[in-house]
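Only one structure is covered here, and it is reproduced in the block below.
The values are calculated or read from the model by the stated rules, or taken from the named source; none is laboratory data. Keep in mind the model is a prediction, meaning the values are calculated, not measured. Note that we place each Cβ from the backbone using ideal geometry, even for glycine, and neighbour counts take in every protein chain shown. Just so you know, the surface numbers come from the protein's heavy atoms only, side chains and all, with ligands and any DNA or RNA stripped out. Shrake-Rupley method; radii C 1.70, N 1.55, O 1.52, S 1.80 Å.
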Amino acid sequence: MQTLSKVVHADREDPVFEPGDRVQIDDRQPIGHYRVPTYMRGKPATVIAAIRPTMVDNEAESFGRNAGSRRHYYRVFVPMTELWSDYRGTDNDGLYIEIFETWLKRAEP
Amino acid sequence: MARDAERDGIFEVMETAVRELLTDKGLIAATDIRRQIEVLDSRSPALGAAVVARAWTDPAFKQRLLENGRMACEELGITFYDDTQLIVLENTNEVHNLVVCTLCSCYPRPVLGLPPDWYKLKPYRARAVYEPRQLLAEFGTVIPDDVEIRVSDSTAMVRFLILPQRPAGIDDLTTDQLAALVTRDAMIGVVRDLVPSGAVM
């Protein structure tokens with residue numbers, strides 16, 4: 001679709017990460033309602049897509065806070081063989097998961 | 001209360017307590033709960049099957065479905081009362097998709113209704129991300145080594161529906177007849193090959 005070039009986007013309207021970007025999922029152990037499974041924490045991943053539209057951070061929302069918390073979720077990919085050292089399958093098998101922007105950092109080059 | 005907890009289990013008692021508190025405070029009414037049950041009961045795998053059959057027979061719809069699952073389902077009148085997004089994952093000769101929610105029981109309820117019990121139990125949730133091939137084999141689904149397995153773990157605002165491959169040799173079926181071939185398990189990904197009705201396995 002042809003888009004108009006003079007529209008200025010507000011902060012956080014555009015995804016921080018793009019398909020193909022290498023990211024690191026945070027390894028945090030906060031108390032409360034968190035949607036990143038422990039087996040994914042601290043893992044390097046590859047961004048497949050930014051999920052649109054932006055969404056409320058449902059981890060903040062679970063504590064009644066959501067003003068200004070809209071950001072993107074990203075569909076990211078980790079090869080199974082990188083998740084599990086004893087994985088019984090093929091090298092192509094992968095785990096795909098949605099991670100909120102607040103849990104992702106750009107991987108060191 | 002102690003006797004109730006023993007009989008019903010702690011979660012049922014907690015659910016009752018929260019529901020009564022919300023009702024007492026006037027935040028929800030009993031009829032709201034009844035109405036929501038009505039919404040849930042109106043959703044079943046037949047909706048997902050209709051979406052799949054439409055995608056098999058209408059290439060433009062299939063493209064819209066893969067680009068934005070929720071919007072394409074909304075075209076057919078399927079509402080997303082839980083405000084989740086839907087990603088539709090296409091099985092191909094090279095790729096097989098499997099859906100799980102390791103944290104709880106996230107499931108594309110707007111298009112499939114309530115999940116089966118095994119989907120909510122820990123053995124399925126743990127093994128789907130750790131040994132999907134062995135798990136699938138126990139469902140009778142053996143994935144060849146030259147087919148890549150993609151396990152999608154739904155954790156938050158996104159739900160997944162699998163678009164199974166259309167069985168070969170059924171070109172003369174109507175969309176309704178095609179929909180009748182599509183099973184819940186195939187849309188979760190524990191089944192790969194759909195069998196035309198009347199065919200001998």
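Quick one: which residues, 5 or more positions from B:Ser44 or on another chain, have an amide H under 5 Å from its amide H? H modelled 1.01 Å from N in the peptide plane, none for Pro or chain starts.
B:Gly113
Leaving out ligands and nucleic acids, and using a 1.4 Å probe, what accessible area per residue does segment A:1-71 come to in Å²?
It amounts to 68 Å² per residue over segment A:1-71.
Using the heavy atoms of the protein chains and a 1.4 angstrom probe, tell me the accessible area per residue for chain B in square angstrom.
Computed with neighbouring chains in place, this is 52 Å² per residue.
How big is the dipole moment of chain A about its Cα centre under a simple scheme where the beta carbon of each Lys and Arg is +1, that of each Asp and Glu is -1, and everything else is neutral? Debye, nearest 20, please. Show your work: numbers first, answer last.
Numbers: 15 positive and 17 negative charges, 53 e Å.
Charge dipole, chain A, about its Cα centre: 260 debye, nearest 20.
Quick one: work out Rg over Rh on the C-alpha atoms of segment B:83-185, Rh as Kirkwood radius.
Rg divided by Rh gives 0.97.
Provide a whole-number value for the mean count of partner chain Cβ atoms within 10 Å of the Cβ atoms in peptide A:13-21.
Details: counts 0, 0, 0, 0, 0, 0, 0, 0, 0.
Across the residues of A:13-21, the mean count of other-chain Cβ atoms within 10 Å is 0.
Given an 8 Å cut-off on Cα distances and at least 6 residues of separation, report the relative contact order of chain B as a percent. Could the numbers behind the result be given before it?
On the way: 274 pairs, mean separation 49.8, N = 201.
After rounding, I find 25 percent.
Tell me the carbon and sulfur percent of the accessible area for the protein assembly as shown, rounded to whole percent, probe radius 1.4 Å.
53
I'd like the interface area for chains A and B: accessible area of each alone minus the complex, both sides summed, 1.4 Å probe, protein heavy atoms only. What is it in Å² to the nearest 100?
The A and B chains share an interface burying roughly 2200 Å².
Using per-residue counts of other Cβ atoms within 10 Å, averaged over each peptide, order B:116-125, B:9-18, B:87-96 from highest down.
Descending mean neighbour count gives B:87-96, B:116-125, B:9-18.
In Å and on Cα atoms, what radius of gyration and Dmax does the protein assembly as shown show?
When restricted to the Cα atoms of the protein assembly as shown, Rg and Dmax are 20.9, 67 Å.
Out of A:Arg12, A:Arg70, A:Arg88, any idea which swings most in a Gaussian network model of chain A, alpha carbons joined below 10 Å?
A:Arg88
Could you tell me how far the Cα centroid of segment B:141-177 sits from the Cα centroid of segment A:10-43, in Å?
Centre-to-centre (Cα) distance: 28 Å.
Compute, for the protein assembly as shown, the length of the dipole vector about the Cα centre, with Cβ point charges of +1 (Lys, Arg) and -1 (Asp, Glu) only. Units Debye, rounded to 20.
Charge dipole, the protein assembly as shown, about its Cα centre: 480 debye, nearest 20.
For chain B, just give the cysteines left without a disulfide-compatible partner, judged by no other Cys Cβ under 4.7 Å.
Among the cysteines of chain B, those whose Cβ sits 4.7 Å or more from every other are B:Cys73, B:Cys104.
Of B:Cys104, B:Pro196, B:Val52, whose Cα points farthest to the positive end of the dipole of chain B (charges on the beta-carbon: +1 Lys, Arg; -1 Asp, Glu; origin at the Cα centre)?
In chain B, that residue is B:Cys104.
Take the eigenvalues of the Cα gyration tensor for chain B, scale each by 5, and report the square roots as semi-axes in whole Å, largest first.
34, 22, 15
Return the average number of partner chain Cβ atoms within 10 angstrom of each residue Cβ along peptide B:125-135. Display every interim value, and only then the final one.
Details: counts 1, 1, 0, 1, 8, 9, 6, 6, 6, 2, 0.
Per residue, the average neighbour count from other chains is 4.
Nearest 500 deg cm²/dmol is fine: what mean residue ellipticity at 222 nm does chain B get from its DSSP H runs of n ≥ 4 alone, each adding -39,500 (n - 2.57), divided by its residue count?
After summing the helix terms and dividing by the residues of chain B, the value is -13000 deg cm²/dmol.
Give me the percent relative contact order of chain A, please, defined on Cα pairs under 8 angstrom at least 6 residues apart. Kindly include the intermediate steps, with their values, before the conclusion.
Working: 169 pairs, mean separation 30.0, N = 109.
Once normalised by length, the contact order is 28 percent.
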